[in-house]
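Only one structure is covered here, and it is reproduced in the block below.
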Amino acid sequence: MEIPIEASVNMVEFDGQQYFLAIVRDISERKQKELKVIEAQNLDPLTNLPNRRLLESHLKQLVGECRTKAEKIAFMYVDIDNFKSLNDKHGHVVGDRILTEFAKRLQDFTRQSDLVGRLGGDEFLIVLPGLNSREHVLSIAHHILQVTSHPIDIGESELIPINVSLGATLCDSKISTAFEL
């Protein structure tokens, strides 16, 4: 088990002898607080997915990789249709349940190498590296629509039908900025 520490060492003289005095502090609590701050800045608190801020920083890096590597990366923008109406009709608690279940479905469907993030509201972004053909992207998009369009159980035997819109693009060496996506 590793314990983060902060240490300082000083040389002191005592009775004509030189000694080293070391002060070591356990900074585990401080490190945990720092991690919580980083998580709060980079993760959506409802879904625990990467938020817009973290996604935007990754996008810049990923577009750079598309330009320099032969590997293509697919980006899929997924949106729950008429979410505001659902939220207004059923309340924010149900709206939150819909968003968390929807996020879980996206995560369960995607590979470990993929990145799923919440842009905000009912908007999600999926980053899928290693998809080298338009047909592969369309196939994945079709499956995502199937997986996410099933009604969501909000309890008390009530199912909420979900309709989803999806846009997809394949990043290659011709794309130079995230804005172009």
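Points 7 angstrom from Cα along the Cβ direction at residue 150 and residue 113: gap in nanometres?
In this crude label model, residue 150 to residue 113 measures out at 2.6 nm.
Quick check: residue separation of residue 8 and residue 134 times 0.36 nm, minus the Cα distance between them. What number comes out in nm?
Numbers: separation 126, 0.36 × 126 = 45.36 nm, distance 5.74 nm.
Length gained between residue 8 and residue 134: 39.6 nm.
Going by how many other Cβ atoms sit within 10 Å of their own, how do 1, 11, 76 line up, fewest first? Write down the numbers at each step before the final one.
Details: 1 2, 11 8, 76 22.
Going from least to most buried by this count: 1, 11, 76.
When the dipole is taken about the Cα centre of the chain, and only Lys, Arg (+1) and Asp, Glu (-1) are charged at their Cβ, what size is it in debye, to the nearest 20? Before the final figure, lay out the partial values.
Details: 20 positive and 27 negative charges, 107 e Å.
It comes to approximately 520 debye.
Among 31/104; 36/69; 36/60; 33/104, which pairs are too far apart, with a Cα-Cα distance over 32 Å?
Values: 31/104 29 Å; 36/69 34 Å; 36/60 24 Å; 33/104 27 Å.
Those over the limit are 36/69.
Where a number appears in this text, it was derived from the coordinates with a stated rule and is not lab data. The shown structure was predicted, so the numbers you read here are calculated from the model rather than taken from an experiment. FYI the Cβ positions are ideal-geometry reconstructions off the backbone, even for glycines, and counts take in every protein chain you see.
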